[in-house]
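Beneath this line is the structure, given in structure tokens, with notes to follow.
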Amino acid sequence: MPVLYRTSYRRPPAYQFNGHLQTVLPAVLRKVEAPFECERIGLPDGDHLDLDWITGGGRRLAILTHGLEGNSRRHYMKGMARLFASRGWDVLAWNCRTCNGEMNQQLRMYHHGDIDDIGHVVRHALRTKDYEQVVLIGFSMGASILLKYLGVHGNEVPDAISKGIAFSAPCDLEAGVRALERPANRFYKKRFLKSLRPKIEAKAELYPDVLDASKFDEIREWRDFDNFFSAPINGYSDAEEFYYNSSAKNFMAGTDREVLVVNAKNDPILLPECSPVKLAEKHPKIFLEMPRSGGHVGFALSGNAHTWSEYRALEFAEA
């Protein structure tokens, strides 16, 4: 029964007294530097991905995947990279399509259930260097991506991949969408839509027969965005089909590697359905940890340069 009812995360700093502050303040206040070196790789369909590396000649690699509208330079990515690198790990933090500041040329963009690109990243890393151990670490949407990737491919993932580590994972995407519609979460919804709008408008200029950017003004709830844009951009008929195929919970049972899923109980944009309790109770390799606090990709520690999630990931990776 790998549901971890005890957690080593006790409490955030006192001034972060609710889930919203535990989510927002680390993103605003935390400053992290990481000595990344950028590499661009081509994809079979003509697009490209930008990868940020920290290499020291080690045989262990951590591959980091960011959240919705994030990138490799977000504080949680650089913080995790810095800690792993300090312990002798190489690090690869990659940017999903359009998240490097450039619009991609294909119709497709990126989403919670897109596992093709992470597969390209893994294969490129293993072709490039001789790693004996690889761990996949994801945050929010990136957590969903790695969980689906490991579940779909099961024992066919490369032998070097030993574990997956997922923080603030929206394992049920439809439930995550419902959470965004809560009045208290209007801030997150508006922020995501503001960031996505110029991308949709640019994509509609490239593919006017598929997308109508004027539909953006008709969005009343997040499901509208997914019906108007997410589904057609990514080859699905409607939001329902998109949600099913992008929800990691529908694929996680196939995983053949140890996986740690950490979802805070006070995460403001995840509902309880996003934490796969029943699956973890039955699956010998899925470990679910649910601290009482931490917010969404927060988990700050008082007077510490690193977050608890960074220490927890390293602990699980090296166990």
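Quick check, is Gly70 assigned by TED's automatic domain parsing to the domain that holds Ile269, under 15 Å from Phe299 (Cα atoms) and surrounded by 19 or more Cβ atoms within 10 Å (Cβ to Cβ)? The answer is no for Gly70.
Is it true that Glu273 is part of a helix (DSSP H, G or I), closer than 23 Å to Trp222 by Cα, touching a residue at least 60 places away in the same chain (Cβ under 8 Å) and assigned by TED's automatic domain parsing to the domain that holds Leu21? So Glu273 fits the description; yes.
Screening region 91-184 for helices (runs of 4 or more DSSP H) wholly inside it with 1 or more residues that are of a type in the set (A, V, I, L, M, F, W, C), touching a Lys or Arg at 6+ places or on another chain (Cβ under 9 Å) and within 26 Å of Pro268 (Cα to Cα) returns the ranges 141-153, 173-180. Do we have Leu51 as in the same structural domain as Glu310 (by TED's automatic domain parsing), surrounded by 18 or more Cβ atoms within 10 Å (Cβ to Cβ) and out of contact with any Gly (no Cβ under 8 Å at 6 or more places or on another chain) here? So Leu51 passes the test. The set of residues in region 3-36 that are in contact with a helix residue (DSSP H, G or I) (Cβ under 7 Å, 6 or more places away or on another chain), small (Gly, Ala, Ser) and in a helix (DSSP H, G or I) contains only Ala27. Where residues in region 202-220 are exposed (fewer than 13 other Cβ atoms within 10 Å of the Cβ) and either among the charged types (D, E, K, R) or in a helix (DSSP H, G or I) (or both), which of them is farthest from the chain's Cα centre (by Cα)? Per the criteria, the residue is Asp209. So in region 22-40, with the set limited to residues that are of a type in the set (A, V, I, L, M) and within 20 Å of the chain's Cα centre (by Cα), which one is surrounded by the fewest Cβ atoms within 10 Å (Cβ to Cβ)? Only one residue tops the list, namely Val28.
The values are calculated or read from the model by the stated rules, or taken from the named source; none is laboratory data. Quick caveat: nothing in here was measured; it's all calculated off a predicted structure. A quick note on method: Cβ atoms are made from the backbone with ideal geometry, for glycine too, and the neighbour counts reach across all protein chains shown.
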